[in-house]
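These notes are about the structure you will find just below.
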Amino acid sequence: MRQSKLLATQLQRRDPNAWTALLRDHMEVEELVVTAVSAKPIRPHTQSSRRMTRYLLSLAGHSDPIAFIGRYINAAEAAFYLEFAPRLPELVPGCHFLHQAEPNGEGWAVLDDVPNDISPERWSTEDINAIVEKLAHLHAVFFDKTADLTNAGLGLLLDRSAYRWESLVAEQSVYFEEGPAAVLSEHALSQAGQLAPLFLQAANGLVVMRDLGGWPGILGESHLTAVADLLDDPVPLLEPLRQLPYTLLHGDPNNRRWRVTVFEDQRLTSWQTAAIGPGICDLISFIEQFSLLDDAESAPNLRTRPTWPVDEETMIDSYMLALSQRLGNRINTRAMRQAIPAARCLYVLTNWFPHFATWFEEMPNRYTWQKVNRMADHDFVDTPLHGFLQLRPYLANVFERFLLAYRSL
């Protein structure tokens, strides 16, 4: 699938002949002719999102155009589409072209444009069960195939190998200069392995929240103490997960990564976070983000799901059952269930705390922050804090679950 830079350039420049050759090659229809190509950039979800373009192709003898996505991809996503996507034809969008400037490097791909007919807030019980079962199918297909996944170039989520101290200081210098690194012991950084940069960022978030006196109704001293304990000694957090068999992880299978069609088809997109690790990490990532829906009207572009058609325990049961049906006695679902608290703590530690420093960097002092939290939501309409503060009920539940999970380690 690694194809030439010349063809990639021709496709990006909307050359009908190049698109004709590509489609003839993949559809095996010699008389197919692309007569015109239009392109429209897709608005990135975040500043760090990869550039994507939707290409609409007009075909001779057909009234309706067909659509494809042109997407810049990182090395992990390139490795996924080259080596593993062909084994998941009912889970991922088809990849018709992939160019890499260098082997094991970044690239540009042409993917099927999977329709998103049913938005996450309209998912039915059947849709959610099908998504959870497909997540289990992904993990079953690559269960305990760490060598194959590593040889393809994917990284280990829980890699024990120490992060080079020089690299850590160079990449995260601000944390060493301003103090958050003092929260982490040398033991913690050595145990964190390749997670060390994320642990440093979490420590920075902890320092910020302690300076602000916590977050009334959301983050109290018990929560902050639990985070400090895990950052000081992450072994109780990491070892239950490291003891589980590894598989291929999507890495961030949240609502917006899934495309659900009216034909009862569910596809998982955006594989730039693909990695190797215990499947329970993907499941908890999906569950912890299940309440969050896209909202272009407010910063941080999120709102919360009013109701859950399926509760958390049902999702976990469906996942475990589907995994057992595919793997039989090769899988120890009891050990996976016992590792759920660790997976939840790891998710919160590495996905929420790193954000706090940037979210509240303009908050002048503890007094102002405490005053802000005594005000009603409607007082923040048309202010940068409005979107964040609307998430308070959701975040209160997140950190309450985190505290319960911490106490279960």
Do the conditions hold for V132, that is, is it aliphatic (A, V, I, L, M), within 17 Å of R259 (Cβ to Cβ) and assigned to a helix (DSSP H, G or I)? yes
Is there a residue in the stretch 26-46 that is touching a strand residue (DSSP E or B) at 6+ places or on another chain (Cβ under 6 Å) and part of a loop (DSSP other than H, G, I, E, B)? no
Over the stretch 30-60, the set of residues under 34 Å from the mean Cα position of the chain (by Cα), β-branched (V, I, T) and either closer than 20 Å to V114 by Cβ or surrounded by 12 or more Cβ atoms within 10 Å (Cβ to Cβ) (or both) is V37, I42, T53
More than 18 Å from I131 (Cα to Cα), exposed (fewer than 15 other Cβ atoms within 10 Å of the Cβ) and small (G, A, S): does that describe G213? no
Failed condition for S222, given (1) modelled with pLDDT of 95 or more; (2) crowded, with 23+ Cβ neighbours inside 10 Å; (3) touching a Leu at 6+ places or on another chain (Cβ under 9 Å), with all others met? (2)
Within the stretch 1-19, work out how many residues are out of contact with any helix residue (DSSP H, G or I) (no Cβ under 8 Å at 6 or more places or on another chain) and modelled with pLDDT of 95 or more. 5
Do we have any residue at all in the stretch 84-98 that's assigned by TED's automatic domain parsing to the domain that holds R13, of a type outside the set (A, V, I, L, M), part of a helix (DSSP H, G or I) and under 20 Å from the mean Cα position of the chain (by Cα)? yes
Identify the residue in the stretch 15-29 that is within 20 Å of G94 (Cβ to Cβ) and of a type in the set (D, E) and, among all such residues, is surrounded by the fewest Cβ atoms within 10 Å (Cβ to Cβ). E28
Does the stretch 92-105 hold any residues that are crowded, with 17+ Cβ neighbours inside 10 Å and out of contact with any Gly (no Cβ under 7 Å at 6 or more places or on another chain), and which are they? V92, P93, C95, H96, F97
Result of the Cβ filter at 9 Å on the stretch 63-80, keeping first residues that are more than 15 Å from F97 (Cβ to Cβ) and partners that are in a helix (DSSP H, G or I), at least 6 apart or interchain, is A79/L149
Would you point out which residue out of L230, L248, L198 is buried (at least 20 other Cβ atoms within 10 Å of the Cβ), modelled with pLDDT of 90 or more and part of a helix (DSSP H, G or I)? L230
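The values are calculated or read from the model by the stated rules, or taken from the named source; none is laboratory data. Just so you know, these numbers come straight off a predicted model, no measurement behind them. As a convention, Cβ positions derive from the backbone with ideal geometry for all residues, glycine included, and neighbour counts pool all protein chains shown.
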